[in-house]
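Visitor: Dropping a structure here in structure tokens format, bear with me for questions.
Each reported figure results from applying straightforward, stated rules to the coordinates on display, with no laboratory input. All values reported here derive from a predicted model rather than from experimental measurement. Cβ coordinates were reconstructed from backbone atoms using ideal geometry, including for glycine residues, and neighbour counts include every protein chain displayed.
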Amino acid sequence: MMQSQIVSRPRYRELAAEDTAGAHLLIVEGDTLAPGQMAALAAAFAPVADRLQTWLVSAPATALALGKVRKLQTVDEAAAALDALQEGFGIADRLYLQGTEPFMWSLATVAGRAGLSASQIRMQHAGSLKRRVWCTHCHQTTENVTTNIATCAGCGRELLVRDHFSRRLGAFMGVMVDAEVPGEVPQREEVFP
Amino acid sequence: MSLVFKPEETFRGDYTYRNSDAAILRFPFPFPEDRYMYSVNIEPHVRSGPTDAFCRPFDIDEHYIAECRDRALTLEQDPGRCQVLPHMMTAQWDTLELLMENMAADYPEQFSLTKEGDVFGSRWTWINRPLGIEQQFIFGDPDTLPCEPFEYITRQAQGDFAICDQREDNLYLDAGMITSQADWSLEFNVGMNFMEWHGPVPLAHQAGVFERALKYLLMLRLGQPVRRLNWTMSINPRLDTSPESYPAWGPDRASVTVENAGGKVHLRVELQTLWRLPRSNAILFPIRCFLISIEELARVPKWGKRLHRVLSSLPPELAEYKGLTRYLPATLAWLAPLDDGAELATGTGPDITELAPV
């Protein structure tokens with residue numbers, strides 16, 4: 001499900017430091033870290049280690065990190081911290097994100113509002129494939145969706161979760177699955193574990 | 001062409017929308033051949049074409065007043081159908097100027113525009129007789145209009161309108177007045193680039209259609225608009241087939257039978273044009289929607305037969321994407337008796353000048 005025919009669906013790559021002169025901020029969703037992953041990141045970011053800050057969000061206490069390290073409890077806290085960065089962003093700065101899609105896009109949309117362009121943000125997926133789903137009917141979002149069909153947290157309709165993705169909303173589209181014949185709802189299956 | 005409006009017709013509830021004989025004959029039928037597949041079918045938007053619907057930059061027909069009223073109803077329920085990102089103000093004025101100038105030039109009995117100058121700061125007077133509007137304003141000063149300029153003028157035009165900002169060798173969907181769309185959400189798509197907003201279209205990406213179309217559009221020149229047709233089908237003459245209101249119109253798709261298909265199933269054709277805008281360098285993308293029941297359409301024998309052949313041979317992915325799957329069998333059964341299998345002339349024109357009486 002990380003690949004799709006639908007081209008609005010983002011693709012993610014393994015993180016690699018870009019050797020630009022600016023500041024480098026790496027934000028990692030700590031509880032998605034697999035064993036050995038921090039070591040892999042350390043190697044990847046060695047070229048910019050002196051300009052690197054790492055934010056570890058909801059990480060286990062034992063997690064080691066790189067450069068100047070800041071520990072944050074939740075993604076909301078990280079988003080607020082990103083929003084509050086006093087210096088703002090320069091053209092040589094880079095933001096690297098690693099974690100689940102809802103985690104990464106929560107931060108990427110904040111960074112976009114703070115003036116960072118899409119080409120300055122790098123993302124690597126880690127952890128669950130769970131999705132944030134935006135309801136086309138009531139425009140509310142439903143979090144932590146792991147099934148092909150999900151009940152909308154806003155209007156209660158049964159939504160078919162599509163691959164069409166909005167970067168502005170950081171969410172996948174959900175469309176009422178039984179609008180044409182009420183009650184005709186296919187089997188719910190766990191497809192984004 | 002003289003215009004006789006039908007202000008009382010409706011696109012919801014009792015669905016009293018119908019096409020006159022003249023409106024049927026001028027319909028922009030989209031199928032030149034018996035089979036359909038995606039292509040980059042873009043051509044210059046010149047003042048000629050297979051039917052009268054192609055012949056003016058911004059077409060206005062007998063449904064004008066009723067369509068403007070339906071748009072107002074949709075906006076009242078969902079103001080988010082009109083959205084403009086903040087950097088698009090110059091493009092808003094470009095759009096207002098383009099529409100007012102062309103409407104006044106092509107339909108002088110209905111519209112007039114008096115300008116005391118062409119530059120920002122000039123006093124303009126706009127008169128829209130069908131809707132009973134007379135508005136004096138300062139071109140370039142949004143405070144002199146009742147709402148922002150893009151919303152103001154597109155409330156007085158037929159069809160949906162999007163504005164694409166051009167940057168980074170791409171087009172971004174940064175403004176829209178979208179109340180008669182074929183099942184796509186402005187709220188979801190606003191701000192997307194060209195590839196992203198076409199993301200869900202099947203088959204065409206693999207064929208390279210969007211890369212070629214984007215390349216072409218990035219080169220679009222001022223004063224040389226282009227056009228293409230797109231199509232789908234709708235149950236009932238409903239303009240607002242948005243995903244937002246899908247719970248309201250979705251059940252109609254399950255209501256089609258062989259007996260009622262003729263009046264219920266409508267071919268929905270979009271005459272899409274693209275215009276480079278002069279000050280903003282953005283691209284205006286009007287999507288003019290024409291609706292016709294298959295019963296009305298089949299009064300042009302060539303069109304009834306051809307529609308039958310196109311729908312019979314449609315790739316299943318396309319039928320699914322366009323939402324036809326559920327009622328396609330009933331539609332084909334309704335059309336089949338009209339198709340004698342005779343060879344049809346290539347091209348989309350009706351090849352007749354008058355309809356046989358019903």
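Visitor: In nm, to one decimal, how far is the A:VAL185 label point from the B:PHE120 one, both placed 7 Å along Cα→Cβ?
Guide: For A:VAL185 paired with B:PHE120, the spin-label model returns 5.3 nm.
Visitor: Sticking with this structure for a sec: Quickly work out the B:THR325-to-B:GLU211 label distance, labels modelled 7 Å from Cα along the C-beta direction, and quote it in nm with one decimal.
Guide: 2.9
Visitor: Separation of the stretch B:261-312 and the stretch B:149-163 by C-alpha centroid, Å?
Guide: A separation of 19 Å, based on Cα centres.
Visitor: Mind checking the dipole of chain B: about its Cα centre, +1 per Lys or Arg Cβ, -1 per Asp or Glu Cβ, Debye to the nearest 20?
Guide: On the way: 34 positive and 50 negative charges, 127 e Å.
Charge dipole of chain B: 600 debye, to the nearest 20.
Visitor: Give, as ranges by residue number, the residues of the stretch B:217-254 whose backbone N falls under 20 Å from the point 7 Å along Cα→Cβ of B:SER39.
Guide: B:217, B:226-232
Visitor: Rounding to the nearest 10 and keeping the result within 0 to 90°, find how far the Cα-based axis of helix B:64-77 lies from the longest principal axis of chain B.
Guide: The helix B:64-77 is inclined about 80 degrees to chain B.
Visitor: Report the full-extension gain for the segment A:ARG168 to A:GLN53: residue separation times 0.36 nm, less the Cα-Cα distance, to one decimal in nm.
Guide: 38.8 nm
Visitor: Next up: Round to the nearest 10 and give me the degree value, 0 to 90, for the angle of helix A:101-113's Cα axis relative to the longest principal axis of chain A.
Guide: 70
Visitor: Compute the label zone of B:LEU3 within the stretch B:60-74: residues whose backbone N is under 12 Å from the point 7 Å along Cα-to-Cβ.
Guide: Hits in the stretch B:60-74 for B:LEU3 at 12 Å: B:60-68.
Visitor: Charges at C-beta only: +1 for Lys and Arg, -1 for Asp and Glu. How large is the resulting dipole of the stretch A:128-193 about its Cα centre, in Debye rounded to 20?
Guide: Values: 8 positive and 8 negative charges, 88 e Å.
Once rounded to the nearest 20, the dipole reads 420 debye.
Visitor: I've got another one for you. Do any trypsin sites (Lys or Arg not before Pro) in the stretch B:192-296 lie in a DSSP loop with no more than 10 other beta carbon atoms within 10 Å, and if so, which? All intermediate terms of the calculation are to be shown ahead of the outcome.
Guide: Working: sites: B:ARG212, B:LYS215, B:ARG221, B:ARG227, B:ARG228, B:ARG238, B:ARG253, B:LYS264, B:ARG268, B:ARG276, B:ARG279, B:ARG288; in loops: B:ARG221, B:ARG238, B:ARG279.
Qualifying residues, ordered by number: B:ARG221.
Visitor: Using a Förster radius of 22 Å, what is the FRET efficiency between A:ASP19 and B:ARG167 based on their Cβ-Cβ separation? Nearest 0.05, please. Don't jump to the answer; show the numbers that get you there.
Guide: Values: r = 26 Å, r/R0 = 1.20.
After rounding, the FRET efficiency stands at 0.25.
Visitor: Could you compute the longest span of chain B free of GluC sites (Glu not before Pro) located in DSSP loops and having at most 13 other Cβ atoms within 10 Å, not counting the site residues?
Guide: On the way: sites that count: B:GLU8, B:GLU33, B:GLU109, B:GLU116, B:GLU168, B:GLU259, B:GLU343, B:GLU354.
It runs B:169-258.
Visitor: Pop out the ³J(HN,Hα) list for the stretch B:110-127 in order, Karplus 6.51 cos²θ - 1.76 cosθ + 1.60 with θ = phi - 60°, rounded to Hz; leave Gly and Pro as x.
Guide: Along the stretch B:110-127, the couplings run 9, 10, 9, 10, 10, 10, 8, x, 9, 9, 3, x, 7, 8, 10, 10, 10, 10 Hz.
Visitor: Let me ask something additional. Quick one: if the Förster radius is 35 Å, what FRET efficiency do B:ILE138 and B:GLU109 give, using the C-beta to C-beta distance and rounding to 0.05?
Guide: 0.85
Visitor: Take peptides B:305-314, A:95-104 and line them up by average Cβ neighbours within 10 Å, highest first, as a rough protection proxy.
Guide: Working: B:305-314: 19.0, A:95-104: 24.7.
The most tightly packed comes first, giving A:95-104, B:305-314.
Visitor: While we're here: With springs only between Cα atoms under 10 Å apart, run a GNM on chain A and tell me which of A:ALA171, A:ALA150, A:ALA118 wobbles the most.
Guide: The residue with the greatest mean-square fluctuation here is A:ALA118.
Visitor: Students often forget the sequence filter, so: which aspartates and glutamates lie under 17 Å Cα-Cα from A:LYS68 once same-chain residues fewer than 8 apart are removed?
Guide: In chain and number order, the partners are A:GLU29, A:ASP50, A:GLU87, A:ASP93.
Visitor: Let me ask something additional. Express in % the proportion of alpha carbon pairs of the protein assembly as shown at distances exceeding 40 Å.
Guide: On the way: 48888 of 151525 pairs.
Tail of the P(r) past 40 Å holds 32 percent of the pairs.
Visitor: Using the Karplus equation 6.51 cos²θ - 1.76 cosθ + 1.60 (θ = phi - 60°), what ³J(HN,Hα) coupling, rounded to whole Hz, does each residue of the stretch B:192-200 give in order, writing x for Gly and Pro?
Guide: Per-residue couplings from phi come out as 6, 8, 3, 5, 5, 6, 8, x, x Hz.
Visitor: Subtracting the Cα-Cα distance from 0.36 nm times the residue separation, let me have the gained length for B:LEU355 to B:ILE127 in nm, one decimal. Mind showing how you got there, number by number?
Guide: Details: separation 228, 0.36 × 228 = 82.08 nm, distance 3.57 nm.
Taking B:LEU355 through B:ILE127 to full extension adds about 78.5 nm, to one decimal.
Visitor: Pulled fully out, how much extra length does the chain show between B:ARG47 and B:ASN260, if you take 0.36 nm times their separation in residues and subtract their Cα-Cα distance?
Guide: Numbers: separation 213, 0.36 × 213 = 76.68 nm, distance 3.74 nm.
Roughly 72.9 nm would be gained on extension.
Visitor: Same structure, new question: Sequence gap at least 6, Cα distance under 8 Å: using those rules, report the relative contact order of chain B to the nearest whole percent. Intermediate results must be reported in sequence, preceding the final value.
Guide: Details: 623 pairs, mean separation 76.2, N = 358.
Computed value for chain B: 21 percent relative contact order.
Visitor: B:THR346 versus A:ALA118, label points 7 Å from Cα toward the beta carbon: distance in nm?
Guide: My value for the distance between the label points is 3.9 nm.
Visitor: Let me ask another. Can you tell me what share of the DSSP beta bridges in chain A is antiparallel? A percent to the nearest 5 is fine.
Guide: Values: 12 of 36 bridges.
Just about 35 percent of them are antiparallel.
Visitor: For a quick protection proxy, order the peptides A:17-24, A:157-164 by their average other-Cβ count within 10 Å, most packed first. Display every interim value, and only then the final one.
Guide: Working: A:17-24: 15.8, A:157-164: 21.0.
The peptides rank, most packed first, as A:157-164, A:17-24.
Visitor: Please label the shape of the stretch A:128-193 as rounded, prolate or oblate, based on the square roots a ≥ b ≥ c of the eigenvalues of the alpha-carbon gyration tensor (a/c under 1.5 means rounded; beyond that, a/b larger than b/c means prolate, else oblate).
Guide: Working: a/c = 1.89, a/b = 1.24, b/c = 1.53.
Because a/c hits 1.5 or more and a/b fails to exceed b/c, the stretch A:128-193 counts as oblate.
Visitor: A further question follows. Based on the Kirkwood radius over alpha-carbon pairs, what value in µm²/s does the Stokes-Einstein equation return for the translational diffusion coefficient of chain A at 37 °C and 0.692 mPa s?
Guide: Values: Rh = 17.7 Å.
The estimated diffusion coefficient comes to 185 µm²/s.
Visitor: If amide hydrogens are placed 1.01 Å from N in the peptide plane, which non-local residues have theirs closer than 5 Å to the one on B:ASN281?
Guide: Under 5 Å from the amide H of B:ASN281: no residue qualifies.
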